[in-house]
Amino acid sequence: MINFLSTRSGFLRPLISKYSTKAINPSKRQYPSKDSSNEVLRRLNYLDNYERAFQFFDNLVKQNRVTVASLLTILETCTRSGQIQRGRQVEQMVNQSSQWKYHVRVQTALINMFMKFHMIDQAEQIFERIRQLPSCDTIVYNSMLVGYLRNQHVEKCFACVEKMRSRVRPDNVTYTLLLNGKFVQLLSEIRTTEFLACTFLRDKQRGKAIHQELSSNLDSQHVHLQNALIDFYGKINEITVAENIFHEMTLRETSTYNSLMKAYLINRMAVKVLELFEQMKEDNLDTVGPIGFRPDLITFMAVCDACEQLGLLNSPDKTQQLVLTLYFVFQIDTYQYSMGEIERPRLFYDPNSLSSFNRFRIVHTHFDLTVNFDSHVLDGFVQLDIQPLDNQSCDRSSSITTENHEIPNNHGNILVLDSRHLDIKQVMLKSDSTEKVLPFQIDIERESLVIELNDLQLDSNFSIKIAYATSSTKCTALQWLTKEQTADKQYPYMFSQCQAIHARSLYPCQDTPGVKSTYSAKITCPKPLTVLMSGLQSKHDEATNTFYFEQKQPIASYLIAIAVGNLVSHDLSSRIRVWTEPSMIKQCQYEFEESERFLTAAEELLGKYQWQRYDFLVLPPSFPYGGMENPCMNFLTPTLLAGDRSLISTIVHEMTHSWTGNLVTNENWEHFWLNEGFTSFIEAKILGNLSKSNGKETRRFHAAQQWQELKSAVTTWGDEHPYTCLVYRLHNVDPDDAYSSVQYYKGAALLWHLEQNIVSSESKFDEFLRSYIIKFGGKILNTDDFIAYFQSYFPQAPPVDWQSWLYTPGMPPVTHDFSTQLEEQCRRLAAQQTSITKDQLDALNAKQVAYLLNLLLNKQSAITYDYVKQMDVDCDMSKYSNCEIRFRWYQLCIRVKYEKPLDDIFKFLEIIGRMKFVKPLYSEFKVSWTEMIPRVRIFFDEHKQFMNPITAKQIEARLNANN
Ligand code: BES
Ligand code: ZN
């Protein structure tokens, strides 16, 4: 195997010489021939000597010696140097010449240039002009495809293939591109295109259609094409098909072996990788010629990964020695990064976590816990698989300021975890066979667990196993319900809510949205209860009532979720199942029957759903939120069960988080709007797309409702309050205390502004959203990253007043007009002097009634007691069971001290814990009906022990506040 060493250094040589800087001096060559002048230009281009290249080209123009070759080169120079102005000058020159205006190769070079500058319109214009020419060949189409892929416009790419079919035949390059985007061979370019092809998108249907087409169509032995197919089938977990393709190939290359190895790795078949590696060595003996299939860096990388999957890298084994030597000799990890194969870890800032996430990263979490309903405790252990970070090979978020060179949340070899009132029993360092007990300290005040790893060798991954129990009284993530508190009153119930920073009371962790980990779990609970978690259930051991779960996509700690209760389920589609208590299942079945239609609509807008199953649990009414986007298992409040499907927007919202939030995630809670603003904006868009009659109007009306919510929230905080900024500071602030609708709907309003006023095209903005999800999917980002990406995607967009939108409190700098018929109808009613009559109210749908109440609550001239009473006498407001209507009506009643519904209001506050409803009611008492406060206090003190800990804390703070 040592021979590979010499082979590989040979492999690097051409790369090195290509980028070496040999001095050349073009001016010495006085009269170069046409071809040699292009050679000079090419060299200048490659040496990044752009100014000289432009001078040289200008001279060629003056001397009238421009050739096609020199045009192609100078256009590349324009791209490489980022000088689009120059490019446009060349374009002008070209199009003034009848010889070049219809020269397909020259025009294709212009297409390539515009595509690289994301100027898709320009590229398309050229394309439309030359498409009709007889000389327009496959290469032109392929260039368009590369361009679309580069700009992440996957649908346009496939549409272009259809256009292509009517004129020319797709070739191997076309198919390879569509399958895995790897046609563009330049190292730096692989990544962008790869991300859109069928393989990355796991687009089974299209990928298989291409395969089908190939088998009847073309030279099927084209190696890259076959490799692409192997990549594809590996990615979609059809490994046997991948193997068959491999075995039937008569001509293989190293890359073919690599493709199959990768496919094995994805499918966690590490042993197969090693077998294939052995086979490769044997096959190699029979090969002659320059290509062969000697292992290369990618092969070794795959072998290393396989060894790691098998746990071999921890044992002092011969193979390991060898692999590690190769690892260091080739610096494979550096190479990997430059290939864009794996992301460099990103150092970031999070004021709400003390954990040392900039020194160590949890990459996998395993829970082994027992649920104890008598003591209200989860007890067992958690194992954290940890990767140490070398800060030098990490990227840095803009939130780590350059003046401050010190990297936060890095305490060298001290491992700090977030931990709130956990009973930590033991901490162990775990290797294959041994477990070593480690010393630790608990800092209750600062809510952290400090583990000393001082004398340990910390350059590779290691595991920490922590035996612990949750606190029976101070765990903020869990609510334990007695059987009387459940709908069926038969069995106790328990559920979690980790967002924003409660995961730390459930297990010791890096409790920041900036760290994503896969997880697995083994949970035992009393029979006949069922455990649900935010992953896929992999097994159920009936004898012990132990449930096993896996979450194979890395997720942030706030998305860990668990619920235990007497639960039943109903399948709404092949991938959607609703869970709830037995007495509620029928209602749920009806209310959410259309869920598959929603998920399909979301996929149409955002790309394939990446979490395999979309199940959800409808919880008891004390659940503090409308919904929580726990992956694979969303949690929903039962207050959505209106009986008329009028409150489905919340499930659409939570579904949408499967892309914005769960794939693309804010790096800390200061950028919360990236999760919620995007989700709220898209939620309205999807509701529009779902509407059978008038999508535009539906979307606008929903956005109008959101705008009114924003107004209420800004009024509640006061319009100079820092928490009414889109991006706020959370240093020493619990995110729950800064939580409100502002980041949701100011965020949505910003995106509306960008779509309608800046980009001015919904379809272009939709394409942008898709590309944003591809670009940041699986990653974290902050507001700067978003702006930079927006600007690079729309370089010619008019300027945006980011400062006001992001960092100025109060209502947004731009007021949108969301008027529609539905909206105006409500507005007229809200404006009338006399109170609303029965006929008027009955003419409105449920969403309109809620909207009308919002308008009344937000009205400048205050509503009077008489108005409210008259409205109640006329309309009998107690007939409404829809909670969105009830809580607004109750708020209005409290505001004018209308006493009739008081008992209903206290009943409502007793049963319902959804903070969106109960916070405003308590606040309204505080602000408008102070005489009631003693009664409210007594009521609260009586009930708080049964409330959700998150809600209880928020209400307590409200009642204790000075205003
Ligand atoms: N992720 C949020 C809930 C959340 C946010 C919990 C912050 C804890 C901290 C969820 O997606 C959400 O936004 N719920 C809304 C739904 C509504 C906007 C449709 C709610 O609870 O009202
Ligand atoms: Zn949300």
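Given the criteria in contact (Cβ under 8 Å) with a residue 12 or more places away in the chain, under 41 Å from the mean Cα position of the chain (by Cα) and closer than 22 Å to E899 by Cβ, does L857 qualify?
yes
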Any hit, the range 622-642, residues being away from ligand 2 (no atom under 13 Å from the Cβ), under 24 Å from the mean Cα position of the chain (by Cα), of a type in the set (A, V, I, L, M) and assigned to a loop (DSSP other than H, G, I, E, B): no
Mind counting the residues in the range 806-864 that are of a type in the set (S, T, N, Q) and within 26 Å of H721 (Cα to Cα)? 6
The condition from (1) surrounded by fewer than 23 Cβ atoms within 10 Å (Cβ to Cβ); (2) closer than 30 Å to I585 by Cβ that T518 misses is numbered (2)
Restricting the search to the range 731-750, which residues are surrounded by fewer than 20 Cβ atoms within 10 Å (Cβ to Cβ) and more than 12 Å from ligand 1 (Cβ to nearest atom)? H731, N732, V733
Which listed residue, of C883, C893, is touching a Pro at 6+ places or on another chain (Cβ under 6 Å) and either surrounded by fewer than 16 Cβ atoms within 10 Å (Cβ to Cβ) or under 30 Å from Q832 (Cα atoms) (or both): C893
Spot the failing condition for C498; the list is (1) buried (at least 20 other Cβ atoms within 10 Å of the Cβ); (2) touching a Ser or Thr at 6+ places or on another chain (Cβ under 6 Å); (3) outside any strand (DSSP E or B), and only one is missed. (2)
So in the range 371-406, with the set limited to residues that are touching a residue at least 60 places away in the same chain (Cβ under 8 Å) and farther than 22 Å from Q510 by Cα, which one is farthest from the chain's Cα centre (by Cα)? S375
Residues being of a type in the set (A, V, I, L, M), part of a helix (DSSP H, G or I) and buried (at least 19 other Cβ atoms within 10 Å of the Cβ): count how many of those fall in the range 917-958. 6
Among the residues of the range 739-749, how many are within 15 Å of ligand 2 (Cβ to nearest atom) and either of a type in the set (A, V, I, L, M, F, W, C) or touching an Asp or Glu at 6+ places or on another chain (Cβ under 7 Å) (or both)? 7
Can you name the residue in the range 596-621 that is assigned to a helix (DSSP H, G or I) and within 15 Å of ligand 1 (Cβ to nearest atom) and, of all such residues, is farthest from the chain's Cα centre (by Cα)? F598
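On the given criteria, is S740 more than 21 Å from V515 (Cβ to Cβ) and part of a loop (DSSP other than H, G, I, E, B)?
On the way: more than 21 Å from V515 (Cβ to Cβ): yes; part of a loop (DSSP other than H, G, I, E, B): yes.
Here the answer is yes, as S740 does meet what is asked.
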Counting only residues that are within 15 Å of K916 (Cα to Cα) and free of Cβ contacts under 8 Å to residues at least 60 places away in the same chain, which one in the range 690-716 is nearest to the chain's Cα centre (by Cα)? Q706
Look through the range 232-255, keep the residues that are at pLDDT below 90 and assigned to a helix (DSSP H, G or I), and return whichever of them is surrounded by the most Cβ atoms within 10 Å (Cβ to Cβ). K235
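Quick check: is even one residue across the range 570-584 more than 16 Å from ligand 1 (Cβ to nearest atom), among the small types (G, A, S), in a helix (DSSP H, G or I) and over 14 Å from the mean Cα position of the chain (by Cα)? Let's see the steps before the verdict.
First, the residues of the range 570-584 that are more than 16 Å from ligand 1 (Cβ to nearest atom): 570-584.
Now drop any that are not among the small types (G, A, S), which leaves 573-574, 583.
Keeping just the survivors that are in a helix (DSSP H, G or I) gives 583.
Now restrict to residues that are over 14 Å from the mean Cα position of the chain (by Cα): 583.
Checked against the condition, which is being more than 16 Å from ligand 1 (Cβ to nearest atom), among the small types (G, A, S), in a helix (DSSP H, G or I) and over 14 Å from the mean Cα position of the chain (by Cα), the range 570-584 yields at least one hit.
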Within the range 121-138, the residues that are in contact with an Asp or Glu (Cβ under 9 Å, 6 or more places away or on another chain) and hydrophobic (A, V, I, L, M, F, W, C) are I126
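Results for (1) assigned to a loop (DSSP other than H, G, I, E, B); (2) near ligand 2 (Cβ under 9 Å from one of its atoms); (3) among the hydroxyl-bearing types (S, T, Y), shown as yes or no for each residue.
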site: M655; (1), (2), (3): no, no, no
site: E670; (1), (2), (3): no, no, no
site: N675; (1), (2), (3): no, yes, no
site: T679; (1), (2), (3): no, yes, yes
site: A684; (1), (2), (3): no, no, no
site: S693; (1), (2), (3): yes, no, yes
Quick one: in the range 522-562, which of the residues that are surrounded by fewer than 24 Cβ atoms within 10 Å (Cβ to Cβ) and small (G, A, S) is farthest from I585 (Cα to Cα)? A543
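Okay, residues lined up against (1) farther than 27 Å from S771 by Cβ; (2) more than 12 Å from ligand 1 (Cβ to nearest atom):
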position	(1), (2)
A642	yes, yes
S646	yes, yes
I651	no, no
N668	no, yes
G688	no, yes
T715	yes, yes
E720	yes, yes
Here's a check for you: in the range 438-457, which residue that is under 34 Å from the mean Cα position of the chain (by Cα) and crowded, with 18+ Cβ neighbours inside 10 Å is nearest to D734 (Cα to Cα)? E447
So, in the range 681-722, how many residues would count as being of a type in the set (V, I, T) and within 24 Å of Y739 (Cα to Cα)? 4
What number of residues within the range 805-847 are in contact with a Pro (Cβ under 7 Å, 6 or more places away or on another chain) and without any contact (Cβ under 8 Å) to a residue 12 or more places away in the chain? 0
Tell me which helices (runs of 4 or more DSSP H) are completely within the range 68-148 and hold 2 or more residues being modelled with pLDDT under 90, of a type outside the set (V, I, T) and not assigned by TED's automatic domain parsing to the domain that holds Q796, or say none if there are none. 68-81, 98-101, 104-116
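The values are calculated or read from the model by the stated rules, or taken from the named source; none is laboratory data. None of these values were measured; they are calculated from a predicted model. Positions of Cβ are backbone-derived with ideal geometry, glycine not excepted, and every protein chain shown enters the neighbour counts.
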